[in-house]
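As structure tokens, the structure follows; a few thoughts come after it.
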Amino acid sequence: MSFAAAIAGELPPGPRGSVVQMLRYARDPLGFYADCARRFGDVFTIPTVLGPIVVCGDPEDVRSIFALPPESFSRWSTESVSPLLGEASLLLSGGARHARDRRLLTPPFHGERMRAHGEVMRAAALREAASWVPGSAFSMQEAGSAISIDVILRAVFGIDEAARLAELRAALLGALASMSPLLMLFPALRRRFGGVGPYARMLAVRDRLDALTYAAIARRRASAAGGDDILGLMMNARYDDGSAMSDREIRDQLLTLVFAGHETSGIALAWAVNWLERTPSVRDRLLAELSALGKDPAPAALAAAPYLEAVCHETLRLYPVVGEVVRLLRAPLTLAAWTIPAGVPVSAGIALVHARADLYPEPTAFRPERFLERNFAPHEYLPFGGGARRCIGTAFALYEMKVVLGTLLARYRFTLARNEWERPVMRNLAMGPKGRVRLTVLPRR
């Protein structure tokens with residue numbers, strides 16, 4: 001459907017000019033959302049180079065989107081990443097296949113299986129911190145991403161050998177860096193062009209990463225070893241009919257975990273430290289809670305700390321790493337006064353819902369206490385999406401965030417190295433701090 005159809009009244013009103021609006025969104029996503037909501041209301045249409053998207057900022061409309069059965073929507077604009085992640089990826093698959101794989105892959109990310117990786121997360125944080133030079137500036141976003149990659153290599157791939165760690169780390173980072181947003185925005189670039197250009201680079205690093213990933217799978221099969229790492233659990237898992245995942249399916253899901261968890265974890269950690277340093281009363285209350293847990297809190301104690309959890313929730317509310325989740329409608333959907341026809345993508349506006357003053361009084365203030373004062377429904381607090389495609393790694397990501405943040409704050413004292421206010425900008429598909437949160441650090445007495 002063309003944007004002209006939206007202007008003619010078939011879709012809600014919105015700003016005009018796809019290129020201009022996408023540039024505004026990339027430079028200031030939260031400001032762009034707020035401006036559109038102020039001008040057009042809770043439901044509006046954004047023009048993009050891929051066609052119009054209907055965005056919803058009202059929790060009840062979000063509830064309607066999340067209530068959609070899987071057969072009534074499909075994925076939207078995933079062609080740019082499918083060559084890297086693979087068609088079996090939970091991010092890309094749909095229908096019965098998605099539901100089947102989701103049931104199989106959910107257990108490793110919950111309960112005792114998830115908590116078994118607490119020491120891996122804690123050790124990864126301390127290894128990264130050992131590289132910091134007291135008094136010298138570093139990027140917390142980059143440090144957080146390095147910790148996340150370390151956790152992925154050890155807890156997901158089950159790799160401990162130094163040489164293989166370094167080799168696979170370099171390949172994973174190369175693959176992530178190759179995912180240019182230009183490939184998502186401009187389909188014409190998804191060609192090899194004689195081996196040059198962003199698409200050819202992505203395919204080249206994918207092939208290198210594939211070789212290492214399949215080698216890791218082959219070594220595990222040859223050893224007949226199980227293990228508590230997620231690769232081992234995937235290999236031992238069985239579908240309802242008793243069949244196992246193929247090497248290709250395991251490969252696709254492993255790379256999906258890297259893609260979904262690497263940069264997002266680094267960004268969330270950076271925002272958390274940023275807000276704590278800008279809100280001393282919150283920082284001091286959190287430090288008092290951590291101090292009561294002892295000099296070197298165990299992962300289980302950190303995961304159970306209520307104010308630490310509230311800090312993590314409030315961080316993801318104020319600056320969600322992903323600003324929206326999109327569904328491509330296969331059947332009409334009523335949102336407010338509008339009936340959105342099939343074939344149109346609709347977006348649950350995470351950032352818009354999280355900024356509502358009727359849900360979150362003083363929405364621009366960093367107040368973790370709000371998460372101790374009440375519970376929010378899934379359509380009111382949704383940093384990991386919702387409905388049939390809610391991120392299966394939600395519990396794992398929050399557990400890692402609490403363990404890593406609590407471990408570092410218990411041992412180190414951070415100071416912002418820049419006075420400039422950090423604001424979100426688009427980094428690939430995530431919203432991250434423009435300055436990547438520069439800090440200096442000293443050991444905590």
What is the Cα centroid distance between the range 365-388 and the range 97-142, reported in whole angstrom? 22
So, in nm, how far is label Ala298 from label Leu203 when the simple model puts each one 7 Å beyond its Cα toward the Cβ? 5.2
Could you tell me the relative contact order of the chain? Use alpha-carbon pairs under 8 Å, at least six residues apart, and round to a whole percent. 25
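All other residues with a Cβ under 10 Å from the Cβ of Asp150 taken together, and with Lys, Arg as +1 and Asp, Glu as -1, what is their net charge? Each step should come with its number before you reach the end.
Details: positive: Arg127, Arg154, Arg169; negative: Glu128.
For residues surrounding Asp150, the net value is +2.
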Computed ³J(HN,Hα) along the range 48-65: with the Karplus parameters 6.51/-1.76/1.60, θ = phi - 60°, integer Hz and x for glycine or proline, the list is 10, 5, 9, x, x, 10, 8, 10, 10, x, 8, x, 5, 5, 4, 4, 5, 5
The range 347-443: trypsin sites (Lys or Arg not before Pro) in DSSP coil with no more than 15 other Cβ atoms inside 10 Å: Arg374, Arg390, Arg418, Lys434
Find how much the distance from Tyr239 to Arg390 grows on full extension, using 0.36 nm per residue of separation minus their present alpha carbon separation; answer in nm with one decimal. 52.3 nm
What is the range 52-99 by shape, rounded, prolate or oblate, if you read a ≥ b ≥ c off the alpha carbon gyration tensor as root eigenvalues and call it rounded for a/c under 1.5, prolate for a/b larger than b/c, and oblate otherwise? oblate
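Averaged per residue, what accessible surface does the range 289-377 expose to a 1.4 Å probe, in Å²? Could the numbers behind the result be given before it?
Values: 3570 Å² over 89 residues.
Per residue, the range 289-377 has 40 Å² of solvent-accessible surface.
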Cα pair distances in the range 281-422, grouped into 5 Å bins until the bin that holds the longest one, percent each: 2, 8, 15, 18, 17, 14, 11, 6, 4, 3, 2, 0
Given the -39500 (n - 2.57) contribution per DSSP H run of 4+ residues, what per-residue ellipticity at 222 nm results for the chain, rounded to the nearest 500 deg cm²/dmol? -15000 deg cm²/dmol
Could you tell me the center-to-center distance, by alpha carbons, between the range 254-274 and the range 55-93 in angstrom? 20
What does the extension gain come out to for Thr440 and Ala137, with contour length at 0.36 nm per residue minus their alpha carbon separation? 108.6 nm
Expected output is a single nm value to one decimal: the length gained when fully extending between Ala130 and Arg27, i.e. 0.36 nm times separation in residues minus the C-alpha distance. What is it? 33.7 nm
If a/c stays under 1.5 just call it rounded; otherwise compare a/b with b/c (prolate if a/b is bigger, oblate if not). Do that for the range 1-158, with a ≥ b ≥ c from the square roots of the Cα gyration tensor eigenvalues. oblate
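Taking all protein chains as present, what is the carbon and sulfur share of the accessible area of the chain, in % to the nearest whole number, probe 1.4 Å?
On the way: 10490 of 18720 Å².
Exposed carbon and sulfur together represent 56 percent of the surface.
Can you give the charge dipole size of the chain about its Cα centre, rounded to the nearest 20 debye, using +1 on the beta carbon of Lys and Arg and -1 on the beta carbon of Asp and Glu? Walk me through the numbers before you get to the answer.
On the way: 54 positive and 44 negative charges, 163 e Å.
That gives the chain a dipole magnitude of about 780 debye.
Whole number in Å², please: accessible area per residue of the range 76-161, 1.4 Å probe, ligands, DNA and RNA not counted. Spell out each step's value before the answer.
On the way: 3250 Å² over 86 residues.
That works out to 38 Å² per residue.
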Search the structure for amide H atoms under 5 Å from the amide H of Arg427, placed 1.01 Å from N in the peptide plane, and list their residues when 5 or more places away or on another chain. Gly432
How big is the range 95-173 by the Kirkwood estimate over distinct Cα pairs, in Å? 14.5
What is the P(r) of the chain, as percent of Cα-Cα pairs per 20 Å bin from 0? 24, 58, 18, 0
Phi to ³J(HN,Hα) by Karplus 6.51 cos²θ - 1.76 cosθ + 1.60 over the range 330-335, Hz, x for Gly, Pro: 9, 9, x, 9, 8, 10
Of the GluC sites (Glu not before Pro) in the range 66-152, those whose Cβ has at most 16 other Cβ within 10 Å and which sit in DSSP loop: Glu79, Glu87
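Taking the range 363-445, which chymotrypsin sites (Phe, Trp or Tyr not before Pro) meet the DSSP loop condition and have no more than 14 other C-beta atoms within 10 Å? Numbers along the way, then the final one.
Working: sites: Phe366, Phe371, Phe376, Tyr381, Phe384, Phe396, Tyr399, Tyr412, Phe414, Trp421; in loops: Phe366, Phe376, Tyr381, Phe384, Trp421.
Those satisfying the criteria are Trp421.
The values are calculated or read from the model by the stated rules, or taken from the named source; none is laboratory data. Note that the structure is predicted; figures quoted are calculated from it, not measured. Every residue, glycine as well, gets a Cβ built from its backbone with ideal geometry; the counts of neighbours run over all protein chains shown. Quick note on the areas: whole protein, heavy atoms, side chains included, nothing else; ligands and nucleic acids left out. Shrake-Rupley method; radii C 1.70, N 1.55, O 1.52, S 1.80 Å.
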